[in-house]
Amino acid sequence: MEEFIENNLDIFYSLTIIMLIIATIIILGFAIIQMINNKKAAKKSLLTGGGLIIVLLISYHIFASDEVLASYKKYNVDAATSNMVGMGIWSFYILSLLAVSSIIYTEFSKKFLK
């Protein structure tokens, strides 16, 4: 069995990519249909997506650094890769802070605003 998988690894890889593409198209199709049928939910979804894009842009252009240390040169890390990794880390920090803050706000507003 191992030999069969090893000999046909390219086929399995291609099949996985095809399945991911089909699943993505189906998910996006259903999302667009739902947005067309429910305008209020569409507005909320677009605002949420816009907020995520804003966080990613802020993380990339303001916080991420393109500095590459000498120790990372052997891993073929260049300035663009460093910038993308920095964007991912900073966006994680920002989104985590927003999530924790919203949970704390929700719990305190339930307790004190009754």
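Values quoted throughout were computed directly from the atomic coordinates according to the rules given, and no laboratory measurement underlies them. All values derive from a computational prediction rather than experimental measurement.
Just report the Cα centroid separation between the range 72-91 and the range 1-65, whole Å.
22 Å
How high is the relative contact order of the range 32-114, in percent, with contacts defined as C-alpha pairs under 8 Å that are six or more residues apart?
25 percent
If I stretch the segment between residue 97 and residue 44 completely, what's the gain in nm (0.36 nm per residue apart, minus their alpha carbon distance), one decimal?
Between residue 97 and residue 44, full extension yields 17.0 nm more.
Anyone know which of 13, 72, 93 comes out most mobile in the 10 Å Cα GNM of the chain?
13
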